[in-house]
2 protein chains.
Amino acid sequence: MTNDERSDATRTRILDAAVACFTREGYDATSVSDVCRAAGVSKGAFYHHFDAKQAVFVALLEPWLAELDAAVTEALTRRQPAPQRLVHLATLVNRVTAEGRGRIPMFLEFWRQAAKDPSVWRVTVEPYRRFRSSFVRLVEDGVAEGSLRPVDPDLAALVLVSLGVGLVLQGALDPVSPAGQGLGERAIALLLEGITNGGAS
Amino acid sequence: MTNDERSDATRTRILDAAVACFTREGYDATSVSDVCRAAGVSKGAFYHHFDAKQAVFVALLEPWLAELDAAVTEALTRRQPAPQRLVHLATLVNRVTAEGRGRIPMFLEFWRQAAKDPSVWRVTVEPYRRFRSSFVRLVEDGVAEGSLRPVDPDLAALVLVSLGVGLVLQGALDPVSPAGQGLGERAIALLLEGITNGGAS
DNA sequence: TAATATAAACCGACCGGTCGGTATGTACCG
DNA sequence: CGGTACATACCGACCGGTCGGTTTATATTA
């Protein structure tokens with residue numbers, strides 16, 4: 001094995017071990033030594049690859065956020081009426097809930113720390129801002145094309161994102177929720193149609 | 001000052017200092033000594049009033065949750081149609097967002113730890129479960145009385161709570177959201193009416 | 001009321017242990 | 001050989017929690 005291959009391998013082993021530990025114990029509660037032990041790697045190797053404990057977390061967070069961002073923009077640029085695009089976007093909730101099971105609390109914990117560290121703030125809040133403004137545009141599109149009622153786009157976007165965040169969060173923190181198949185789509189359908197009885201039985 | 005008054009005073013000073021520290025630094029990051037220093041109290045006094053660091057957190061969390069629970073049951077037992085009760089309930093979002101500004105991330109962080117400690121799990125998740133089942137009953141009522149469409153009560157309740165959680169969370173983590181007055185009511189109105197264009201201009 | 005006794009509230013030095021991070025040595029690839 | 005990848009040993013700081021002792025308020029005497 002070449003040097004570079006070896007290096008990459010240990011790096012990913014550290015990353016994998018870190019996500020496992022952080023998920024199980026939380027960020028603060030896991031020591032660097034824990035990660036090293038789980039990765040089967042020495043502390044020297046750890047600090048050879050990462051400047052600090054926090055750097056591991058950013059390395060973990062960044063690709064995840066990027067993936068999310070890509071999925072959103074993909075769904076947003078589809079040539080469909082706004083409601084359909086929204087429903088399609090709703091499947092994201094399922095994906096994030098499924099693959100992010102235990103990781104979400106961890107990211108939440110990290111988000112908390114972000115308030116202190118500007119470098120982390122950038123990595124977390126900036127994608128979120130883009131995320132929400134994407135929704136604003138989506139709603140504006142829908143209103144313009146007449147597929148959506150003339151609602152306040154900012155408010156609607158906030159509600160949409162809130163719904164998504166809330167669903168993912170509840171799925172992560174209390175998995176006993178009455179989820180079932182296609183939770184995201186069904187939830188968004190409720191929002192699209194409304195729940196008041198407009199006369200129909 | 002009597003002994004009891006003195007005791008209560010220091011206890012509340014510890015609690016106040018704790019919420020300040022936890023809010024600013026996070027739970028794990030604040031040491032007991034930090035809290036003591038901020039409260040102007042010795043470590044001995046601290047451990048005289050609380051068994052452990054965690055006990056402070058439960059003491060902080062419990063009344064807050066109880067207050068929330070009381071407000072919910074109050075709104076839920078009103079003799080009104082379900083939609084009105086929902087709108088009234090929506091004002092809770094404003095209250096929680098306002099008075100819980102910096103505290104929510106802290107509670108979130110604690111919720112994360114709750115997964116490990118059963119005693120904490122009870123205090124946090126149990127009220128949440130009650131919370132959600134209250135919503136289920138509310139929706140069932142609405143469907144029964146005909147004010148709400150015959151939607152799945154479990155799903156609707158999940159969506160409602162998600163919306164609330166999401167709104168509060170975003171308000172807390174990124175206060176630059178386009179909130180404005182009566183955000184909760186306006187959000188719930190959107191959900192009640194739906195956002196698709198049903199033919200009306 | 002003054003003196004005394006007792007209990008509760010409070011203090012702060014201190015403990016074992018762990019933490020994130022560093023300095024130094026070794027093995028191996030190019 | 002030169003340098004990169006890793007291992008080991010170690011550092012000072014700090015953690016949550018304990019403990020023996022001191023102050024303060026109350027109960028009981030006389």
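The values are calculated or read from the model by the stated rules, or taken from the named source; none is laboratory data. Note that the coordinates shown come from a computational prediction; the quantities given were computed from them, not determined experimentally. Glycine also receives a Cβ, built like all others from the backbone with ideal geometry; neighbour counts cover every protein chain displayed. Side chains included, ligands, DNA and RNA excluded: accessible areas come from the protein's heavy atoms. Shrake-Rupley method; radii C 1.70, N 1.55, O 1.52, S 1.80 Å.
Here are some notes:
- Among the candidates A:145, A:126, A:67, A:99, the residue that is open to solvent by 40 Å² or more (accessible area, probe 1.4 Å), over 28 Å from residue A:174 (Cβ atoms) and either in contact (Cβ under 8 Å) with a residue 12 or more places away in the chain or more than 13 Å from every other protein chain (Cβ to nearest Cβ) (or both) is uniquely A:145.
- Candidate set: region B:53-65, residues that are at pLDDT 90 or above and not β-branched (Val, Ile, Thr); chosen: the one nearest to the chain's Cα centre (by Cα): B:60
- Screening B:75, B:70, B:82 for residues that are farther than 28 Å from residue A:110 by Cβ and at pLDDT below 90 leaves exactly one candidate, B:75.
- Scanning region A:53-64 for residues that are of a type outside the set (D, E, K, R) and open to solvent by 40 Å² or more (accessible area, probe 1.4 Å) yields A:54, A:63.
- Check on residue A:118, more than 18 Å from the chain's Cα centre (by Cα), open to solvent by 30 Å² or more (accessible area, probe 1.4 Å) and modelled with pLDDT of 90 or more: no
Condition check ((1) in a helix (DSSP H, G or I); (2) within 16 Å of DNA strand C (Cβ to nearest atom)) across all residues:
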{"residue": "B:4", "(1), (2)": "yes, yes"}
{"residue": "B:15", "(1), (2)": "yes, yes"}
{"residue": "B:29", "(1), (2)": "no, yes"}
{"residue": "B:51", "(1), (2)": "no, yes"}
{"residue": "B:72", "(1), (2)": "yes, no"}
{"residue": "B:90", "(1), (2)": "yes, no"}
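- Set B:145, B:185, B:99, B:193: member being in contact with a Gly (Cβ under 7 Å, 6 or more places away or on another chain) and charged (D, E, K, R): B:193
- Residue within region B:130-140 that is open to solvent by 50 Å² or more (accessible area, probe 1.4 Å), in the same structural domain as residue B:185 (by TED's automatic domain parsing) and under 15 Å from the mean Cα position of the chain (by Cα) present: yes
- Evaluated against (1) open to solvent by 40 Å² or more (accessible area, probe 1.4 Å); (2) in contact with a helix residue (DSSP H, G or I) (Cβ under 8 Å, 6 or more places away or on another chain); (3) in the same structural domain as residue A:139 (by TED's automatic domain parsing), residue A:89 falls short on exactly one condition, (1).
- Selected residue (only one of B:16, B:34, B:4 is within 7 Å of DNA strand D (Cβ to nearest atom) and modelled with pLDDT of 90 or more): B:34
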